[in-house]
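Each value in this text was obtained by applying a stated rule to the coordinates, not by laboratory testing. All of these numbers come straight from a predicted model, not from anything done at the bench. Here Cβ is always computed from backbone atoms with ideal geometry, including for glycine, and neighbour counts include all displayed protein chains.
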Amino acid sequence: MRFAVSAIALLACTSLASAADLNGPSYGGSLKDDYVAPAYNWTGLYVGVHGGWAGGSGWDGDFFNKDINLNHGYSLDADGWYGGLQVGANQQFGKFVAGLEADASFGEMSDSGMFAANDEGPTSYVEWEIKQKLERFGTVRGRLGYLPVDNLLVYVTGGIAWGQTEASEVTHMPRVNPPKVTSTGSVEETHLGWTVGGGLEWVLTPNLSLRGEYLYVDLGEEDYHFVGQRTDGTYYADDRAPSDLDFHTVRLGLNYKFGH
């Protein structure tokens, strides 16, 4: 009899436990299955590296000798590869991200050519051999973007731009007998202008993101006033070549964001 009562009690307890499992909440494995990772937050400071190619209109100008326009314009491309660094900060507002970024790029985007600068006769015909090089440039830009998904930012950007250049000239008189070089000179200039563009940035990890970006850079006009010497060794500073500088650039960048 005692054995029967004990068996009935054990069976009842087992049934109650089974009913509790069926009717009550079960947590075995559900926390892992139901967990949703928090959305990526773009707010914060970041630093990064970038590299790309620049090219386009380059330098466009005219030749002056002793402030007299020789009425023979010239054009040189500004093509080449470059690399650099950037630093910035973002603030996220829902699906929108606003930010500020500064960057500096280094490379040798250069071109050279031979241009007629006067054609009044064999003894006055002069050709200018010009080489211009953009050694470094940078921007300070605002960014405004939209998040179609949490880890992808589509943005537009714009701001101020600067560039440091150097140029050289060699003047030739090819129609005299014998042909001769009459002078050489060089100059360094700093341009200041503006830039506008846009890009895409993808989150790779909580701290790393990859971007692709396009910029149009217009660095305005500077007066390249060449200083050098004549072939007889005397000082020479008669030639100027005021010119505009603008170009297009595409780049890839990798950013490290501080914090999570």
Non-local amide H neighbours of residue 100 (under 5 Å, H modeled in plane, Pro and chain starts lacking H): which ones?
89, 143
Expected vector for the stretch 199-215, Karplus 3J(HN,Hα) from phi with 6.51, -1.76, 1.60 and θ = phi - 60°, integer Hz, x for Gly and Pro, equals x, 10, 9, 10, 7, 9, 9, x, 10, 10, 9, 10, 10, x, 9, 10, 9
Under 5 Å from the placed amide H of residue 78, counting only residues 5+ away or on other chains, we find 56, 58, 59
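What is the local net charge at residue 106, summed over the other residues whose Cβ is closer than 14 Å to its Cβ (Lys, Arg +1; Asp, Glu -1)?
Around residue 106, the charge tally is -1.
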Sum up the charges of everything whose Cβ sits under 9 Å from the Cβ of residue 174, counting Lys and Arg as +1 and Asp and Glu as -1, but leave residue 174 out.
+1
Label-point gap, in nm, between residue 237 and residue 98 - each point 7 angstrom along Cα→Cβ
4.8 nm
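For the stretch 145-260, what mean projected area does the convex hull of the alpha carbons give, in nm²?
Values: hull surface 43.5 nm².
Averaged projected area of the stretch 145-260's Cα convex hull equals 10.9 nm².
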What residues qualify as long-range amide H neighbours of residue 117, i.e. H under 5 Å apart, gap of 5 or more or another chain, H built at 1.01 Å from N?
126, 127, 128
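With viscosity set to 1.002 mPa s and temperature to 20 °C, compute the Stokes-Einstein D of the stretch 44-257, Rh being the Kirkwood radius across alpha carbon pairs; µm²/s, no decimals.
Working: Rh = 19.1 Å.
Rounded, D is 112 µm²/s.
Take every Cα pair under 8 Å in the stretch 122-253 that's 6+ residues apart, average their separations, divide by the length, and report that relative contact order as a whole percent. Spell out each step's value before the answer.
Details: 332 pairs, mean separation 28.4, N = 132.
The value is 22 percent.
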Using the beta-carbon distance between residue 208 and residue 182 and R0 = 51 Å, what value does 1/(1 + (r/R0)^6) give for FRET efficiency, to the nearest 0.05?
0.35
What is the sum of charges around residue 252, taking Lys and Arg as +1, Asp and Glu as -1, for the other residues whose C-beta is under 12 Å from the C-beta of residue 252?
0
Mean Cβ neighbour count within 10 Å, used as a protection proxy, ranking 214-222, 66-74, 90-98, 106-114 highest first:
214-222, 106-114, 90-98, 66-74
